[in-house]
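J.: Quick one: the structure is below, questions incoming.
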Amino acid sequence: VYLLFQGLRQISQRTISTASRRQLENRVPEKQKLFQEDNGIPVYLKGGLMDALLYRVTMGLSVFGKADTKIFILWYHSNMPGVSS
């Protein structure tokens, strides 16, 4: 138990230094310029390749989910004659 408290005391006495942290560059003005540029590209695709990929995957999953739901409803009603919609 003593060793546990000794370790906790040692940790609590350490000073936290932020001097060694790397300063990040402010890139907000660059991004604002990119997204406010009037070049005919929709804002949800202006981020580049990853935005286009994310958009296509999301739309594909949405269309697949909608089609899958419709197919299930048609199958369910064709196999359950006593159920009305």
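J.: What pairs come up if the first residue lies in segment 49-60 and is among the aromatic types (Phe, Trp, Tyr), the second is open to solvent by less than 90 Å² (accessible area, probe 1.4 Å) and in a helix (DSSP H, G or I), and their beta carbons are under 9 Å apart, counting only those six or more places apart or on different chains?
T.: Final answer for the pair search is Tyr55/Leu45.
J.: Still on this model: What pairs can you find where one residue is in segment 65-79 and free of Cβ contacts under 8 Å to residues at least 40 places away in the same chain, the other is open to solvent by less than 100 Å² (accessible area, probe 1.4 Å), and their Cβ atoms are less than 8 Å apart, with a gap of 6+ or different chains?
T.: The qualifying pairs are Tyr76/Val83; His77/Val83.
J.: Given (1) more than 17 Å from the chain's Cα centre (by Cα); (2) farther than 23 Å from Glu30 by Cα; (3) open to solvent by 70 Å² or more (accessible area, probe 1.4 Å), identify the lone condition not met by Arg56.
T.: (1)
J.: Out of all the residues in segment 41-52, is one or more open to solvent by 70 Å² or more (accessible area, probe 1.4 Å), among the acidic types (Asp, Glu) and at pLDDT 90 or above? I'd like the intermediate steps shown before the answer.
T.: From segment 41-52, those open to solvent by 70 Å² or more (accessible area, probe 1.4 Å) are 41, 43-44, 49-50; that's our starting set.
Next, from what is left, pick out any that are among the acidic types (Asp, Glu): none.
No, segment 41-52 has no match at all.
J.: Given Ile16, Ile71, Ile11, which one is at pLDDT below 90, open to solvent by 100 Å² or more (accessible area, probe 1.4 Å) and in a helix (DSSP H, G or I)?
T.: Working: Ile16 fails: in a helix (DSSP H, G or I); Ile71 fails: at pLDDT below 90.
Only one candidate passes the filter, namely Ile11.
The values are calculated or read from the model by the stated rules, or taken from the named source; none is laboratory data. Every value quoted in this text rests on a predicted model; they were computed, and no experiment measured them. Every residue, glycine among them, receives a Cβ derived from its backbone with ideal geometry; neighbour counts consider all protein chains shown. Quick note on the areas: whole protein, heavy atoms, side chains included, nothing else; ligands and nucleic acids left out. Shrake-Rupley method; radii C 1.70, N 1.55, O 1.52, S 1.80 Å.
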